[in-house]
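First the structure, in the form of C-alpha cells, and then the observations on it.
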Amino acid sequence: MQRQTVSSGSPFEGEIGFSRAVRVGPHVSVAGTAPIGADGKLAGEGDVYRQTQRCLEIITQALEGAGASLEHVVRTRVMLTDISQWREAGRAHGEVFGHIRPACTFVEVKGFIDPLWLVELEADAVVP
C-alpha cells in the first residue's frame, strides 16, 4: 500500500522524526497536535478553549493534506494538563465534531514539551 506523509512545518518534525499525518490506504493518523500558531509561537496562552481551537485548525489542514476531511474522523484524543478544564476543550471539540461525533477520549497528562501548552489532540480518520 502507498504511504503518504503530511508535514505541518513544525520544527519538531525533523528533530523527532515524525510527520503531522500519515495516510496508508484509507487510514489517516494525525499525530499529537499542539497549539502552535502559524508564526511558530504559542496560540492562546493560558486559554484551553483557544488552544484546542488551534489544534483543531492544524488537524483540519493535515487531514486535507492527506486527502481527508473532518467528516472522515472516527477517533480523537484530547490530552490536557488539567482535566478540570475538559469542558473548555470539549466546547471547541464539539463545535467542530458535534455533527460528526467520532469516538473521543479525554485524558490528563503530566505535561507537554512546552509547559505553556495546555492541550494536545490526535485524530484518526478513514477515507471511504
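The values are calculated or read from the model by the stated rules, or taken from the named source; none is laboratory data. Quick caveat, the model's predicted, so the values are computed rather than measured. Please note: Cβ atoms are built from the backbone with ideal geometry, for glycine as well, and neighbour counts cover all protein chains shown.
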Within region 113-128, the residues that are at pLDDT 95 or above, surrounded by fewer than 17 Cβ atoms within 10 Å (Cβ to Cβ) and either touching a Phe, Trp or Tyr at 6+ places or on another chain (Cβ under 9 Å) or hydrophobic (A, V, I, L, M, F, W, C) (or both) are Leu116, Val126, Val127
Search region 1-37 for residues being farther than 15 Å from Trp117 by Cβ, among the aliphatic types (A, V, I, L, M) and in contact with a helix residue (DSSP H, G or I) (Cβ under 9 Å, 6 or more places away or on another chain), and hand back the single one that is surrounded by the fewest Cβ atoms within 10 Å (Cβ to Cβ).
Val6
For Thr81, indicate whether it is among the β-branched types (Val, Ile, Thr), touching a helix residue (DSSP H, G or I) at 6+ places or on another chain (Cβ under 6 Å), crowded, with 16+ Cβ neighbours inside 10 Å and within 24 Å of Glu13 (Cα to Cα).
no
Answer from Gly67, Gly94, Gly90 - the residue that is surrounded by 12 or more Cβ atoms within 10 Å (Cβ to Cβ), part of a loop (DSSP other than H, G, I, E, B) and either of a type in the set (Gly, Ala, Ser) or in contact (Cβ under 8 Å) with a residue 40 or more places away in the chain (or both):
Gly67
